[in-house]
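Student: Following this message is one structure expressed as structure tokens.
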Amino acid sequence: MAFTLFNTLGRRRMTFQPLQEGRVGFYGCGPTVYNFAHIGNLRAYVFHDILVRSLRRAGYEVNHVMNVTDVGHLTGDNDDGEDKMVKSAEERGKSVLEIAAFYTKAFFHDTDRLNIIRPDIICKATEHIAEMIALIEKIEKNDFTYFSGGNLYFDISRFPSYGELAMLKMEDQQAGVRIGADENKRNPNDFVLWFTKSKFENQALVWDSPWGRGYPGWHIECSAMSMKYLGENIDIHAGGIDHIPVHHTNEIAQSEAATGKRPWVNFWLHNEFLVLDKNKMSKSAGGFLTLQNIIDEGYDPLDYRYFLLGGHYRSQLQFSREGMQGAKNARRSLVEKVRALAAKTANHISAAPGTEAGKYLQAFNKAMEDDLSTPRALAELWGLVKKGQPDTLAAVFDMDRVLGLGLESACSNMEETAEDEANAQEIEGLIAKRAEAKKAKDFALADNIRQNLKEKGIMLEDGPGGTVWRRIAP
């Protein structure tokens, strides 16, 4: 397979060629673990997963590296605001490391439920301070820094191509200086490589460095850790579009300033936002939805994965309950059809290129090769499944190696799943009976149904949209 990917650097589609034949170094920006990931955050990691699955299915050996930010990320990307980790720790009465451990575990619990393959290397910022200091020393040696007000800054005026990724013009960088901006900066877009106590007197995590006891800026961690595990040149770096103007722009500047090698990254890939009520979902705005929230509403995590596959990763995606219900119904129908196909297929016959299944597979491959077009790929899967021919099952499972909807495991666990579905139908029937009892003012019966379900490990929660249930320890 020859992939054409949209490279943010240059804003154009390019045929993907790895630096080393048959091998791909991929760095995906990971979470800042100060709160639960919301479903908008999780869109990025489903996208990363689709990319990795596609490359591996095409025969590439992929080394997927992802950071976990547990220090240094301020509430403002431009070196302003509070430290997100410290702020969360203070609000919850926990230590920073306790907060980081709790939300890191919660994050990977969510990605596991979404059938996201874990990265090959997961690196925590707090475990790579030495690498960050060493990289900053290289940048300083190459004369790209200045020390001011107790902090070490990167001087963007020394880096002529600054802003190339975001298409920023150097002559415009003095414009738009905010009141209260860091007065130690020569240019408002200069950024901190190393903070000392002059920024926050009571920072929870600090380390000794050549510039004083302190902690690293947010941007330096990704450069240092990606270089440690992938080398000084990288095939692919991915993240959300919000990373383009500041975080990824600064990563490029500091990395190329340290090594003198351009380009540091060959392909920059960015996913668009998930929007809720026409606004980007964000933790700072409040009211965000977690994966557990939609599970509590009766959706399977893979319903959400299916929902995301219905939109191209570079297109803004509007989240709605109607959309989720449609994804739930479609995925359930897909699973039922694949199970029916499996029931009448004695052997998983391969789909040769000349067969009808082979033609669908070729169209599927073409869709994925075209900048990972999952909506088209999903349509090809449906077209194949609707044919209902026994020799298509192998092709169905092959497609799902990329889409990650767990179709093969759904077929191998048909008895167990059927039992789960029967139990779910029984629960839904009791909920309906309880609703009728409440309507008839038979509150004793309604309470009795609730209590009986609770004893069986089923918790009912009444809300504006009706009653939802979730499993608890009985």
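Student: Counting only residues 5 or more places away or on other chains, whose amide H sits under 5 Å from the amide H of Tyr313 once H atoms are built in the peptide plane?
Tutor: Thr374
Student: On to the next question. Below 8 Å, C-alpha to C-alpha, sequence gap of six or more: please give me the relative contact order for the range 1-95 in percent.
Tutor: For the range 1-95, the relative contact order is 27 percent.
Student: Another question about this same structure. Quick one: compute the contact order of the chain, relative version, from alpha carbon pairs under 8 angstrom and 6+ residues apart, as a percent.
Tutor: Relative contact order comes out at 16 percent.
Student: Between Ala363 and Arg57, what is the label-point separation in nm under the 7 Å Cα-to-beta-carbon projection?
Tutor: 1.6
Student: Which percent, nearest 5, of DSSP beta bridges in the chain are antiparallel?
Tutor: So the antiparallel bridges in the chain amount to around 55 percent.
Student: Also, quick follow-up: Can you give me the accessible area per residue for the chain, using a 1.4 Å probe, in Å²?
Tutor: Accessible area per residue, the chain: 46 Å².
Student: Name the residue from Leu378, Pro119, Asn266 whose Cα lies farthest towards the positive end of the charge dipole of the chain, charges +1 on Cβ of Lys and Arg and -1 on Cβ of Asp and Glu.
Tutor: The residue sitting most towards the positive pole is Leu378.
Student: For the range 20-105, run through the GluC sites (Glu not before Pro) and keep only the ones in DSSP coil with at most 16 other Cβ atoms within 10 Å of their Cβ.
Tutor: Here the sparse-neighbourhood loop sites are Glu21.
Student: Efficiency by 1/(1 + (r/R0)^6): what FRET value for Ala130 and Arg11, r their Cβ-Cβ distance, R0 = 35 Å, to the nearest 0.05?
Tutor: Calculated transfer efficiency: 0.45.
Student: So if we plug the beta-carbon distance of Ser157 and Leu19 into 1/(1 + (r/R0)^6) with R0 = 25 Å, what FRET efficiency do we get, rounded to 0.05?
Tutor: Here the calculated transfer efficiency is 0.25.
Student: Where does helix 356-369 land angle-wise versus the long Cα axis of the chain, in degrees 0 to 90, nearest 10?
Tutor: Between helix and principal axis, roughly 30 degrees.
Student: Between Glu98 and Ile427, what length in nm is gained on full extension when 0.36 nm per residue of separation is reduced by their alpha carbon distance?
Tutor: The span from Glu98 to Ile427 would gain 114.7 nm if fully extended.
Student: What's the local net charge at Glu356, with K and R +1, D and E -1, over the other residues with C-beta under 15 Å away?
Tutor: Here the count lands on 0.
Student: Summing -39500 (n - 2.57) over the DSSP H runs of n ≥ 4 in the chain and dividing by its residue number, what mean residue ellipticity at 222 nm do you reach, to the nearest 500 deg cm²/dmol?
Tutor: -14000 deg cm²/dmol
Student: If R0 is 35 Å, what FRET efficiency do you get for Ser333 and Thr355 from their C-beta distance, rounded to 0.05?
Tutor: It comes to 0.90.
Student: Gain in length, Arg118 to Ser409, computed as 0.36 nm per residue apart minus the alpha-carbon separation, to one decimal in nm?
Tutor: Fully extending the segment from Arg118 to Ser409 adds 102.9 nm.
Student: I've got another one for you. Quick check: the distance between the Cα centres of the range 7-47 and the range 359-393, to the nearest angstrom?
Tutor: So the separation of the two Cα centres works out to 24 Å.
Student: Still on this model: Specify whether the C-alpha gyration tensor of the chain places it in the rounded, prolate or oblate class, a ≥ b ≥ c being the square roots of the eigenvalues: rounded for a/c under 1.5, otherwise prolate if a/b is larger than b/c and oblate if not.
Tutor: Oblate.
Student: How large, in percent, is the carbon and sulfur part of the accessible surface of the range 1-156 at a probe radius of 1.4 Å?
Tutor: Percent of accessible area from carbon and sulfur atoms in the range 1-156: 48.
Student: What nm distance separates the two modelled labels at Glu137 and Gln325, each placed 7 Å from Cα along Cα→Cβ?
Tutor: 6.2
Student: Here is a further query. Please determine, in degrees from 0 to 90 and to the nearest 10, the orientation of helix 393-403 with respect to the longest principal axis defined by the Cα atoms of the chain, where the helix direction is its Cα long axis.
Tutor: 30
Student: Need one value: the accessible area of Cys29 in square angstrom, 1.4 angstrom probe, rounded to the nearest 10.
Tutor: About 10 Å², ignoring ligands and nucleic acids.
Student: Please go through the range 1-99 and write out the trypsin sites (Lys or Arg not before Pro) that DSSP classes as loop and that have at most 14 other C-beta atoms within 10 Å.
Tutor: In loop regions of the range 1-99 (DSSP not H, G, I, E or B), the sparsely surrounded trypsin sites (Lys or Arg not before Pro) are Arg11, Lys94.
Student: Please list, ordered by chain and number, the residues whose modelled amide H lies under 5 Å from the amide H of Gly240; skip anything fewer than 5 residues away on the same chain.
Tutor: Amide H to amide H, under 5 Å and 5 or more residues apart or across chains, Gly240 pairs with Asn271.
Student: Could you state how much accessible area Asp442 has, in square angstrom rounded to the nearest 10, with a 1.4 Å probe and all protein chains kept in place?
Tutor: 70
The values are calculated or read from the model by the stated rules, or taken from the named source; none is laboratory data. All figures in this text were calculated on a predicted structure; none of them were measured in a lab. FYI the Cβ positions are ideal-geometry reconstructions off the backbone, even for glycines, and counts take in every protein chain you see. Note: areas computed on protein heavy atoms with side chains; ligands, DNA, RNA excluded. Shrake-Rupley method; radii C 1.70, N 1.55, O 1.52, S 1.80 Å.
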